[in-house]
1. What angle, in degrees between 0 and 90 and rounded to the nearest 10, separates the Cα long axis of helix 70-92 from the longest principal axis of the Cα atoms of the chain?
2. Over 16 Å apart: what share of the alpha carbon pairs of segment 31-108 falls there, rounded to a whole percent?
3. Using a Gaussian network model of the chain with C-alpha springs under 10 Å, which one of 121, 229, 165 is most mobile by mean-square fluctuation?
4. Pulled fully out, how much extra length does the chain show between residue 126 and residue 232, if you take 0.36 nm times their separation in residues and subtract their Cα-Cα distance?
5. Two-decimal Rg/Rh of segment 15-186 from alpha-carbon positions, Kirkwood Rh?
6. Taking the Cβ of each residue in 87, 103, 295 as the centre, tally the other Cβ atoms inside 10 Å and list the residues starting with the fewest.
7. Using Cα-only point scatterers and the Debye equation, what is log10 of I(q)/I(0) for segment 128-226 at each q in 0.21 Å⁻¹, rounded to two decimals?
8. Pick from 215, 239, 269: which is most flexible by mean-square fluctuation in a GNM of the chain where alpha carbon atoms under 10 Å apart are linked?
């Protein structure tokens, strides 16, 4: 275990090095460490669809139950934050720290497994709100304890393990699992058997959700970073956003062609990859603000162009490919690509 190198950026440190740090050392800044680990946790799922959160396979159950999902891992962190609120409140009122025996006789694997049903119906969006709120409360209460108390034998396992330890433990699972899900999302995996909407309202709601997620992510990145460094090989953030604008504009033309001829157009003759590179290169003289404005205008135009399409036309293979991919599909693929990069650049604000 090492205690020094407090200048390490815990948000970017390789996990084995992160886990080798002696966080209990008096040389560590307890609250600065916690803040960096918290930001790293939130960056781990940046750009992921909510649909990906429910997929089992993140890790096996240590108590013999079904495999855990990303949602269950994050909910488990939130659950222990709520437990922490209760026992720290009790300590601040003059009570004692809990004992292991109070949690299924010290069998924490069984205790945690038995609590999975508590958050079976929560949505990822609601969970993220709950996670942030309970974290704020945990920090507020724990800061009333002195660092000497926090580092004591009685308190350390109950304060550190919720604020730092849980994040460290679950990053070991969440980071590699999220990368696997992100790779699938970038390849177009919808994470559901049939992603086509059952209603026109569902189509609009899905589109709006992805648009809002993308806008939130883009707004978090400093403007100076839009052309500063590659997000993926050869492409900056501005290139990715310009690419989304290009395909939304193509989608508008495709819907117009369908209206005129009754047939959906084919992909560009030169091939999609060559077309993408040519179009991205063409717009590299734009400023980030110009690219983002073009993206907003193209997406708005594409949204309007689909308003008169029927549900049957949207669910038909070619109509789905054009309408969905121009509005939903491309956005969600590129969210997977730009998500972690954007979250990390947002740390610089």
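Please treat every number below as a calculation from the coordinates, not as lab data. Note that the structure is a prediction, hence the values are computed from the model and not measured. Because the Cβ atoms are built from the backbone with ideal geometry, glycine has one as well, and the counts that use them run over all protein chains shown.
1. Orientation of helix 70-92: about 30 degrees from the principal axis.
2. So the pairs more than 16 Å apart make up 67 percent of the total in segment 31-108.
3. Residue with maximal mean-square fluctuation among 121, 229, 165: 121.
4. Answer, rounded to one decimal: 35.1 nm.
5. Rounded to two decimals, Rg over Rh is 0.96.
6. Starting with the residue having the fewest Cβ neighbours, the order is 103, 87, 295.
7. The calculated log intensity ratios at q = 0.21 Å⁻¹ are -1.18.
8. In this elastic network of the chain, the residue with the biggest mean-square fluctuation among 215, 239, 269 is 269.
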